[in-house]
Amino acid sequence: MFATKAEAEAAAKHFNCKGAHKMGNQWMPCASHGEASGGHSSPAAH
């Protein structure tokens, strides 16, 4: 979560997506919530 849209858009490249979307009062990377395809997967989940 980011305070500004610009920060979220800059972080989107780390999630293999583009853009940003608002979630409450903060911003998340990717144009839509389910778009991220990388970044925070847990190695223990296998």
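The values are calculated or read from the model by the stated rules, or taken from the named source; none is laboratory data. None of these values were measured; they are calculated from a predicted model.
Of the residues making up region 1-34, those that are part of a strand (DSSP E or B) and among the small types (Gly, Ala, Ser) number 1. For region 5-44, residues that are polar (S, T, N, Q) and either at pLDDT 95 or above or on the phi > 0 side of the Ramachandran plot (or both) total 3.
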